[in-house]
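The values are calculated or read from the model by the stated rules, or taken from the named source; none is laboratory data. For clarity, every value in this text was computed on a predicted model and none was experimentally measured. Quick reminder, even Gly has a Cβ in these numbers, built from the backbone with ideal geometry, and neighbours come from all protein chains shown.
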């Protein structure tokens, strides 16, 4: 019944057993709980897990590929996921948070007087001055580190890398934050240089590595997102990335604003519908023939099947839905779609759990524990 969902596909040079991908997610869980959560999602039948926020530098938020302990952590995760016949992709990112700003607010975060929701706008205020003040030499050192990190990711067992188009890539791309007057600022071609160099650094070291790019779009009317590129800028931005070596695009709304916008609840004023970000895929599809992965409140097998049949997207990425029911794919394949625990997009225990430093969970987990 769901022939497109369950059909194999080549996604940017990587063979996937079906069309469902676990979207990159900051889970905020302890080691054992994280491993088990990812194992369950992999065992549930999805084709690939994108492991979010893998730092490209030696320092960063999360385990480092450069340390023995950090490398072993990622190697253990890839082995765990591969044992469930699931691919795994490393989302390579460089934070645009100013460390001095982080130190300033760290005591409040540790004492839980500053929530994640409160911290984001405080850190965003420091992004513009931070990236605009980096020397060109420092910028080139950062973009080059994407290539070094990709090599380490491959050695750790990752099948693909994704360049995180938000974070520092997104802040460089946007004039909201980028106030530079050198080769990395001003025109869109210059603002795109950071992202292009990051992709080129990976391609220069790994000629055959599939490179996914998380393409973040800043909506202007009504305004949502602050980083990334506007819809009008896509015709310039997309070809530059494709020429640099990108093999697929993961398309979504730009971040650097309220998390409730990029992870919209069912009552969101603009993004309440299923497939709420797929309109950006429609625009990107007119610019490239590379595979596209769509995301945004996806949960219904019927809806996803139609988008795949129409060629609107190549693959569908889900996070909250696979957290609500890791067995989503297995149930679809077994003809038991009616038994799926549907994500209702309440954001109570997933986004809410992350904002309150409790890790990402689901209302279904809480009800089962009672």
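Condition first: surrounded by 22 or more Cβ atoms within 10 Å (Cβ to Cβ), at pLDDT 95 or above and assigned to a helix (DSSP H, G or I). Now tell me which residues in the range 151-167 satisfy that.
Across the range 151-167, the qualifying residue is only 153.
Is there a residue in the range 338-360 that is over 28 Å from residue 114 (Cα atoms), in contact with a helix residue (DSSP H, G or I) (Cβ under 7 Å, 6 or more places away or on another chain) and outside any loop (DSSP other than H, G, I, E, B)?
yes
Please specify each residue of the range 4-22 satisfying the condition of being closer than 19 Å to residue 325 by Cβ and either in contact with a helix residue (DSSP H, G or I) (Cβ under 8 Å, 6 or more places away or on another chain) or modelled with pLDDT under 95 (or both).
5, 6, 18, 19, 20, 22
If you check residue 139 against the conditions, is it out of contact with any strand residue (DSSP E or B) (no Cβ under 8 Å at 6 or more places or on another chain), assigned to a helix (DSSP H, G or I) and surrounded by fewer than 24 Cβ atoms within 10 Å (Cβ to Cβ)?
Judged against the criteria, residue 139 is a match.
Results for (1) buried (at least 16 other Cβ atoms within 10 Å of the Cβ); (2) touching a strand residue (DSSP E or B) at 6+ places or on another chain (Cβ under 8 Å); (3) within 23 Å of residue 42 (Cβ to Cβ); (4) modelled with pLDDT of 95 or more, shown as yes or no for each residue.
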| site | (1), (2), (3), (4) |
| --- | --- |
| 298 | yes, yes, yes, yes |
| 301 | yes, no, yes, yes |
| 311 | no, no, no, yes |
| 317 | yes, yes, yes, yes |
| 324 | yes, no, yes, yes |
| 335 | no, no, yes, yes |
| 355 | yes, no, no, no |
| 365 | no, no, yes, no |
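Only residues that are buried (at least 18 other Cβ atoms within 10 Å of the Cβ) and farther than 17 Å from residue 236 by Cβ: list them for the range 168-197, please.
Residues satisfying the conditions are 168, 171, 176, 177, 180.
Return the residues of the range 243-256 that are without any contact (Cβ under 8 Å) to a residue 60 or more places away in the chain and either buried (at least 18 other Cβ atoms within 10 Å of the Cβ) or in contact with a strand residue (DSSP E or B) (Cβ under 6 Å, 6 or more places away or on another chain) (or both); say none if nothing qualifies.
If the condition is that a residue be without any contact (Cβ under 8 Å) to a residue 60 or more places away in the chain and either buried (at least 18 other Cβ atoms within 10 Å of the Cβ) or in contact with a strand residue (DSSP E or B) (Cβ under 6 Å, 6 or more places away or on another chain) (or both), then 244, 245, 249, 251, 252, 253 are the ones that fit.
Tell me, which helices (runs of 4 or more DSSP H) lie completely within the range 1-89 with 2 or more residues that are closer than 18 Å to residue 298 by Cβ?
Output list reads 3-6.
Tell me whether the range 260-280 contains one or more residues that are surrounded by 18 or more Cβ atoms within 10 Å (Cβ to Cβ), touching a strand residue (DSSP E or B) at 6+ places or on another chain (Cβ under 9 Å) and in a strand (DSSP E or B).
No; the residues of the range 260-280 include none that is surrounded by 18 or more Cβ atoms within 10 Å (Cβ to Cβ), touching a strand residue (DSSP E or B) at 6+ places or on another chain (Cβ under 9 Å) and in a strand (DSSP E or B).
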